[in-house]
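The values are calculated or read from the model by the stated rules, or taken from the named source; none is laboratory data. Quick caveat, the model's predicted, so the values are computed rather than measured. Here the Cβ positions follow ideal geometry from the backbone for every residue, glycine too, while neighbour counts run over all protein chains shown.
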Amino acid sequence: MTGQDWIEKDFYAALGVPKDADDAAIKKAYRKLARQYHPDQNQGDAKAEARFKEIGEAYAVLSDPEQRKQYDALRAMAGGGARFTAGGTGGGAGGFEDIFGAMFGGGAPGGAQGGPRVRYSTGGAGAGAGGGFEDILGSMFGGAGAGGFGGRRAGFATPEQGADLAAETTLSFRTAVEGATVELMVDGKKVTTRIPAGVNDGQKLRIRGKGRPGVGGGAAGDLVLTVHVEKHPVFSLSGRDLRVTVPVTFGEAALGAQVEVPTLSGDTVRVKVPAGTPSGRVLRVKGRGVATSKGAGDLLVTVQVVVPQKLSRKAKEALEAFVAESDREDVRADLVARAAQG
């Protein structure tokens, strides 16, 4: 965008706000219009695309305090949109010299208030050695080159991607396992997104294009969604696997058994507990975990040997007989030996 564009374009009108609008009003107007004319909502509509770019150009200038100040000054100097022409000796409307003469204390072209008459050229790259219109404006406002104002280029040399947004949501355990479509309120607007099956507690999902709109035709930012999963009284999630702890009796663990294990779907599966299974051993049931697009996980069954709290007289006598018949192997001998190595 050139200096002449700044003079000719009414950025306030583009956003539909008055010239004294505060930053909040400008931001609100931009967001509303950006959503209305965003290319994603108006695919193939050239007019909407042009309007979206116009809105972005306006917001880029008016949202920057320094650029807005320079824009207002330039528009006021130019009378709100006049095109500068190189002034001649003839009559007619005042040219470029008249405006700058008035700004810097000079008289009318050719006047008698003293000092040599200064002529400013509006020529482009081939206009000779003299600086053009944009060079003069650059020197006035601290620009680094043609078309530059206030240290950064006005308008959109390159499109800018919108900012990412962050949000959180809490899911029931079953919803996290099965996946669901959810609606969220993010940055004042409703966002609908799909939560994949098997999302774990604390997991972050990046949802493309659901962040803030881009500027100057740039892509929208992303939504980074942190998912919290409510606890289940029986099951827990570990990646694609479901975990469950199943109590077994001392006799079942020692002699071996077939036990019924619940699944999240409501039915049960029979799991073989081998003889001599210690407490804490994990048994795997293939394919009974979380069903995802990458395949199903497993059901991991942790065996928990339950020690009886009370024994009948006969049970106690039988247990004492068992202890007497055992080989009295020291089950803690290895522990003591390893502890001594430290």
Residue satisfying condition, being more than 28 Å from LEU184 (Cβ to Cβ) and at pLDDT below 95, within set THR245, THR263: THR263
Pair list, Cβ under 6 Å, 6 or more apart: region 1-25 residue charged (D, E, K, R), other residue at pLDDT below 90: GLU8/GLY81
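So that you can scan it fast, the table gives a plain yes or no per residue for (1) among the polar types (S, T, N, Q); (2) part of a loop (DSSP other than H, G, I, E, B); (3) modelled with pLDDT of 50 or more; (4) in contact with a helix residue (DSSP H, G or I) (Cβ under 7 Å, 6 or more places away or on another chain):
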site: GLU134; (1), (2), (3), (4): no, no, no, yes
site: SER139; (1), (2), (3), (4): yes, no, no, no
site: GLY145; (1), (2), (3), (4): no, yes, no, yes
site: GLY162; (1), (2), (3), (4): no, yes, yes, no
site: THR175; (1), (2), (3), (4): yes, no, yes, no
site: LYS190; (1), (2), (3), (4): no, no, yes, no
site: ALA219; (1), (2), (3), (4): no, yes, yes, no
Checklist (1) under 18 Å from GLN161 (Cβ atoms); (2) touching a Phe, Trp or Tyr at 6+ places or on another chain (Cβ under 8 Å); (3) surrounded by fewer than 21 Cβ atoms within 10 Å (Cβ to Cβ) applied to ASP64, failing item: (2)
Tabulated pairs, region 165-190, first in the same structural domain as GLY211 (by TED's automatic domain parsing) and farther than 19 Å from GLY221 by Cβ, second exposed (fewer than 13 other Cβ atoms within 10 Å of the Cβ) and β-branched (Val, Ile, Thr), C-beta under 9 angstrom, 6+ apart or interchain: THR181/THR192; VAL182/THR192; GLU183/THR192
